[in-house]
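These notes are about the structure you will find just below.
The values are calculated or read from the model by the stated rules, or taken from the named source; none is laboratory data. Here the structure is a predicted model, which means the values were calculated and not measured. For neighbour counting, all protein chains shown are included, and Cβ atoms are generated from backbone atoms with ideal geometry for every residue, glycine included. What goes into the accessible areas is simple: the full protein's heavy atoms, side chains included, and nothing from ligands, DNA or RNA. Shrake-Rupley method; radii C 1.70, N 1.55, O 1.52, S 1.80 Å.
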Amino acid sequence: MDRRTLSLLIALLAGAAGPAPARAGLIPDPAFGTGGITRTDLAGDDTPLDLLLQPDGKILVGGQSVAGAPGYFIAMARYDANGAPDSAGFGTDGKVSVHFALRDYVNALTLEPDGTIVGAGMQMISGAVSSQTGSIYRFHPDGAIDSTFGLGGYEVGRFEPVSSCEFSAVRVMENGHLQAGGRSDANANGGAYGFGAKVYDTSGVQQDSFLRVAPSTAYRAGACVFHDGNILWANTRINAPHEIVVLRLKDTGATDSTFNGGAALVTSVPAILNADVRIVVQDDGKVLVASTTPRDGGGSNFVVLRFLPDGTFDPGFGGTGRVDVQVGPGTSPDVLRDMIVDPLGRIWLAGRASTTSRQVGLARLLPDGSLDPAFPDGGATLIDLNGPGGEHELMRIRLLPDGSVLGVGHDSASGGGDFFLVRFLPVDATDVPVAAPVGVPLLRAFPNPSRGETSIRFALPQHGRATFDVYDPAGRLVRRVFHGELTEGAASLTWDGRDGSGRVVAAGVYFGRLTSGYGETRSVRIVRVR
């Protein structure tokens, strides 16, 4: 069978199922939380700013809660792997809300080897910008404040005596010390603009500090990553021109002359005012930076830049090293919040976009920067998690080992503003037509989720034997649905939702695996609901 014939079969199979839901590949997992979502109300208007997957499978979220006159609180919540609040093991009902001054919050979280939680962010003792100090916090594994650390659970600092300061990343060093990186800003009292890092010992005493002066303008907290002995920052200017700036130094503060000659790289790529920025260093040393850029004609797009290890734009990415992604329609203000790269080198972008209300915006790019056609809606999709009038956005996403997508975001649909945690079923294992390479069987399940029969549809490029089995999440065989000869071309099998003994299986997640006689396999995730 030639490629053209196979492409026609794929199109016929897609049509045979009828019009597929536009976002069938990104439905919340019914086995997680309540209908795929867990909402958490903390002290006020709650915004998550970091997401950690603990080694024990628990999910830790941290950020800020704005509670009016009382100020800003460090807001944390922890969940079991199924999305239920960790009510017995963390804080009060799985939540922690605390501050030491008028304003405290965390931008980043990390864990020490014993499960101790460390957060880094900013503290303000008043509403004046000049009172901004970088802050680092330590909590016991159950969320209780570690009063032996610093000034009774926290420590603050500036890069210069009067500079404003904010940390955006923290890590545990090999010697157990804590290194926090962030930005420095001048204020009415003086100071300097730039990027820096501080090191604290296990008791919270500062051991080392450095500041690298950057092009003189105010910056957002920005992104900071520690990678292979280096620290990378990416930020956006608050003052015009609003553009993305990138810098790489040694983690000791020494100049890294191998990246843009050691100087801050002013990209001339415009960003919207106060835009978030994310950084990922690929396995090959290339650097990805993502933010939000104005769109011609109105609105804004996600924007991704890729640099070669020497700091020059990578022409193998979008032709120029820059890719703009429009998620929402028309003049929608799309706003990027997070970026991750999966094991296949595909780039995931998350944030929000708008129609009549803010909705979750997600996109996936292939390694060359092109939109991934196997992703819902051709590579960029809007998701309404709360029905008409919903107001929500994803702040952080992570990929789980089973291929599902975990996201945490801000939900203001109820007026107050809450954390929401959502798990989506695997994107590539649901009823989304994808073009499979010749030699690999196209595999789709429809409907998915299903209460009755599930139709398994695929196309084989040649005649031969094939087997289709259904397994539970533990890898146990539930049912051999088919084993025999199939002719070249389109094929369809049906699983009635029963196990090998004829019993109806429980609601939950199952995995179907098609094995062909010529050694190719392909899997599909199947969800059974009541």
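Structural remarks
- The set of residues in the range 158-195 that are among the small types (Gly, Ala, Ser) and surrounded by 18 or more Cβ atoms within 10 Å (Cβ to Cβ) comprises Ser163, Ser164, Ser168, Ala169, Ala180, Gly181, Gly182, Ser184, Ala186, Gly191, Gly194.
- Qualifying residues in the range 296-317 (those that are polar (S, T, N, Q) and open to solvent by less than 50 Å² (accessible area, probe 1.4 Å)) - the one nearest to Gly261 (Cα to Cα): Asn301
- Lone unmet requirement of (1) out of contact with any Cys (no Cβ under 9 Å at 6 or more places or on another chain); (2) in a loop (DSSP other than H, G, I, E, B) for Phe159: (1)
- Scanning the range 481-507 for residues that are small (Gly, Ala, Ser), touching a Lys or Arg at 6+ places or on another chain (Cβ under 6 Å) and not in a loop (DSSP other than H, G, I, E, B) yields one hit, Ser492.
- Candidates Gly345, Gly297, Gly262, Gly361, filtered to the one that is under 21 Å from Asp50 (Cβ atoms) and modelled with pLDDT under 95: Gly361
- Pairs, first closer than 17 Å to Gly297 by Cα and in contact (Cβ under 8 Å) with a residue 12 or more places away in the chain in the range 309-333, second surrounded by 17 or more Cβ atoms within 10 Å (Cβ to Cβ) and of a type in the set (Lys, Arg), C-beta under 8 Å, six or more apart: Asp324/Arg295; Gln326/Arg295; Thr331/Arg295
- All positions within the range 107-122 that are closer than 16 Å to Gly150 by Cα and surrounded by 19 or more Cβ atoms within 10 Å (Cβ to Cβ): Ile117, Val118, Gly119, Ala120, Gly121, Met122
- Residues in the range 74-127 that are without any contact (Cβ under 8 Å) to a residue 12 or more places away in the chain and within 19 Å of Pro55 (Cβ to Cβ): Ala88 only.
- Condition check for Thr356: in a loop (DSSP other than H, G, I, E, B) and either within 22 Å of Leu273 (Cβ to Cβ) or touching a Pro at 6+ places or on another chain (Cβ under 7 Å) (or both): no
- Residues of the range 359-411 satisfying the condition of being of a type in the set (D, E, K, R), farther than 25 Å from Val106 by Cα, in contact with a strand residue (DSSP E or B) (Cβ under 7 Å, 6 or more places away or on another chain) and not in a loop (DSSP other than H, G, I, E, B): Arg364
- The range 335-353 residues that are more than 19 Å from Lys286 (Cβ to Cβ) and in a loop (DSSP other than H, G, I, E, B), paired with ones that are of a type outside the set (A, V, I, L, M) and open to solvent by less than 20 Å² (accessible area, probe 1.4 Å) (beta carbon under 7 Å, 6 or more apart): none
- All positions within the range 87-125 that are acidic (Asp, Glu) and assigned to a loop (DSSP other than H, G, I, E, B): Asp93, Glu112, Asp114
- Among residues of the range 72-99, those that are touching a Leu at 6+ places or on another chain (Cβ under 7 Å) and farther than 18 Å from Gly119 by Cα, counted: 1
- Unmet requirement for Leu288, which otherwise passes all of (1) surrounded by 18 or more Cβ atoms within 10 Å (Cβ to Cβ); (2) at pLDDT below 95: (2)
- Scan the range 231-256 for residues that are open to solvent by less than 40 Å² (accessible area, probe 1.4 Å) and touching a helix residue (DSSP H, G or I) at 6+ places or on another chain (Cβ under 7 Å) and the total you get is 1.
- Scanning the range 412-424 for residues that are part of a loop (DSSP other than H, G, I, E, B), more than 12 Å from Leu42 (Cβ to Cβ) and modelled with pLDDT of 85 or more gives no hits.
- Residues of the range 48-59 satisfying the condition of being in contact with a strand residue (DSSP E or B) (Cβ under 7 Å, 6 or more places away or on another chain) and surrounded by fewer than 21 Cβ atoms within 10 Å (Cβ to Cβ): Leu52, Leu53, Gln54, Lys58
- Residues that are over 19 Å from Leu178 (Cβ atoms) and outside any loop (DSSP other than H, G, I, E, B) were ranked within the range 198-230; the one that is most open to solvent (accessible area, probe 1.4 Å) is Val213.
- Single residue of the range 126-143 satisfying the filter (assigned to a strand (DSSP E or B) and β-branched (Val, Ile, Thr)) that is most open to solvent (accessible area, probe 1.4 Å): Thr133
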